[in-house]
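Asks: Dropping the structure in here first, questions after.
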Amino acid sequence: MADTVLYEVSDGLATITLNRPEAMNALNVETKAALREAAESAAGDTAVRAILLTAAGDRAFCVGQDLKEHITLLAADRETGSGQTMSTVREHYNPIVRALAGAPKPVVAAVNGVAAGAGFGFALAADYRVVADTAAFNTSFAGVALTADSGVSWTLPRVVGPGRAADLLLFPRSIGAPEALELGIANRVVPAAELRDEAGRVARALAEGPTVAYAALKESLAHGLTHSLAETLEKEDELQTRAGRSEDHAIAVRAFVNKERPQYLGR
């Protein structure tokens, strides 16, 4: 894995760190490939029970596509007629978002600064966003004559509603932490100096929780947004049966009866 993305697993928590602070964690090809590898590894590793997505530096979580590299690649496309540059959506952004949103475990984003374009999309793909009070969000796409990618056209309307999503996409602007909290983009806003500790506490608590139940909750929420009540009730029955057969459920029931704190195994 490249130095532009750091990956560490400890006590069931996988921490993925975007590591280009000098470029505001912009996404060049090397970084996108490494992030895809890290996200897929964390999602598929049964020893990982939660994922923390964070970034180095104080200025930016991720400002999206590295436009300096992008200009060079577009020029090469014009010379060759290959059109390869925009294949990054299919090759990188889509797999990253699928891995984060579809991971059978909770994903926490620690948003330390600006999250724009695909960076905004990756934050929205997480299940829970802990945000520094100095952070800001921006869709950015229309500002560079592009449409939404990295799942934003799916995630943003579900977070803020379709009307607000259209406004934020058609007229990109900076959304500060207080407004992000009000809109539901941020789940928790903390002082910037406390972000890493607080996000770590949230992620570690989820890593110690009932992983099978968390996976079922993620699946049921995604299903319920696009299906009827009758179909959702059927899905809840299926998922509750799965959760009810887990070792963690038996542990939780015993702990409740004995007035003890459950020690979950994640299975």
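Asks: Let me confirm something: among 77, 3, 58, which residue is surrounded by fewer than 18 Cβ atoms within 10 Å (Cβ to Cβ), at pLDDT below 95 and under 19 Å from the mean Cα position of the chain (by Cα)?
Replies: The match here is 58.
Asks: Would you check which residues across region 75-131 are closer than 19 Å to residue 28 by Cα and of a type in the set (S, T, N, Q) and list them?
Replies: Passing the criteria: 82, 84, 85, 87, 88, 94.
Asks: Only one of these conditions is not met by residue 154: (1) farther than 15 Å from residue 168 by Cα; (2) out of contact with any helix residue (DSSP H, G or I) (no Cβ under 7 Å at 6 or more places or on another chain); (3) surrounded by fewer than 21 Cβ atoms within 10 Å (Cβ to Cβ). Which number is it?
Replies: Of the numbered conditions (1) farther than 15 Å from residue 168 by Cα; (2) out of contact with any helix residue (DSSP H, G or I) (no Cβ under 7 Å at 6 or more places or on another chain); (3) surrounded by fewer than 21 Cβ atoms within 10 Å (Cβ to Cβ), the odd one out for residue 154 is (1).
Asks: Looking at this structure, is residue 6 aliphatic (A, V, I, L, M), touching a residue at least 12 places away in the same chain (Cβ under 8 Å) and part of a helix (DSSP H, G or I)?
Replies: No: the conditions fail for residue 6.
Asks: Within region 53-104, can you find the residues that are of a type in the set (Lys, Arg) and in contact with a Gly (Cβ under 6 Å, 6 or more places away or on another chain)?
Replies: The answer is 59, and nothing else.
Asks: Among what's in region 208-267 and is of a type in the set (Asp, Glu) and not in a helix (DSSP H, G or I), pick the residue that is surrounded by the most Cβ atoms within 10 Å (Cβ to Cβ).
Replies: Top of the filtered list is 208.
Asks: Consider residue 147 carefully, then state whether it is of a type in the set (Val, Ile, Thr) and out of contact with any helix residue (DSSP H, G or I) (no Cβ under 9 Å at 6 or more places or on another chain).
Replies: Criteria not met by residue 147.
Asks: Taking the options 40, 30, 22, name whichever one is within 13 Å of the chain's Cα centre (by Cα) and either crowded, with 24+ Cβ neighbours inside 10 Å or of a type in the set (D, E, K, R) (or both).
Replies: 40
Asks: Answer yes or no as to whether residue 101 is touching a Ser or Thr at 6+ places or on another chain (Cβ under 8 Å), on the phi < 0 side of the Ramachandran plot, surrounded by fewer than 22 Cβ atoms within 10 Å (Cβ to Cβ) and in contact (Cβ under 8 Å) with a residue 12 or more places away in the chain.
Replies: Judged against the criteria, residue 101 is a match.
Asks: With over 30 Å from residue 117 (Cα atoms), in contact with a Leu (Cβ under 8 Å, 6 or more places away or on another chain) and outside the structural domain of residue 154 (by TED's automatic domain parsing) as the only criterion, which of 238, 247, 234 stands out?
Replies: 247
Asks: For region 14-70, which positions are within 27 Å of residue 214 (Cα to Cα) and in a loop (DSSP other than H, G, I, E, B)?
Replies: Correct list: 45, 46, 47, 48, 49.
The values are calculated or read from the model by the stated rules, or taken from the named source; none is laboratory data. For clarity, every value in this text was computed on a predicted model and none was experimentally measured. Heads up, the Cβs are rebuilt from the backbone with ideal geometry, glycines too, and the neighbour counts pull from every protein chain shown.
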